[in-house]
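Remarks on the structure that follows.
Readers should treat all values here as calculations from the given coordinates under stated rules, not as data from a laboratory. Here the structure is a predicted model, which is why all the values come from computation and not from measurement. Heads up, the Cβs are rebuilt from the backbone with ideal geometry, glycines too, and the neighbour counts pull from every protein chain shown.
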């Protein structure tokens with residue numbers, strides 16, 4: 001029997017304690033889908049049917065049709081982490097990757113992206129250091145996504 005999920009009941013920002021029955025770990029592409037099938041850490045099948053445009057983050061809680069609570073966690077993924085020696089190099093790298101519509105996760109003088117040897121060679125030519133690792137990949141949501149568009153007109 002699978003757990004059917006139709007409802008997101010809690011976001012990571014909510015502080016109310018909630019008992020969790022199951023945990024699912026999701027990669028970045030699955031977290032952006034409204035409909036998908038996966039398995040909990042314990043092996044229980046889960047079918048998710050959420051509103052279109054709903055993005056899941058670590059800490060979100062989902063409620064199944066049988067009232068079981070499922071917590072979302074980030075799955076480790078193969079990523080390329082590039083570290084810049086200075087802000088001009090970092091800005092140049094982000095500009096060229098953005099110009100190619102590459103999905104990025106960014107921090108102070110570092111970025112993560114999905115592995116791509118051509119883009120990695122470009123980053124090396126800009127003076128960035130490249131490292132391959134397994135880590136959660138949490139890309140920027142983009143200027144036109146519903147969850148990233150917060151300013152008033």
Please state the shape class of the stretch 77-135: rounded when a/c is under 1.5, otherwise prolate if a/b exceeds b/c and oblate if not, all from the C-alpha gyration tensor. rounded
So in the chain, what percent of DSSP beta bridges are antiparallel if you round to the nearest 5? 75 percent
Computed [θ] at 222 nm, helices only, for the chain once each DSSP H run of length n ≥ 4 contributes -39500 (n - 2.57): -4500 deg cm²/dmol
I'd like the antiparallel share, as a percent to the nearest 5, of DSSP beta bridges with both residues in the stretch 3-74. 60 percent
Taking the Cβ of each residue in 1, 106 as the centre, tally the other Cβ atoms inside 10 Å and list the residues starting with the fewest. 1, 106
With the contact rule set at Cα under 8 Å and sequence spacing of 6 or more, what percent relative contact order holds for the stretch 14-83? 35 percent
Need one number: nm distance between label points at residue 19 and residue 52, each 7 Å from Cα along Cα→Cβ, rounded to one decimal. 3.7 nm
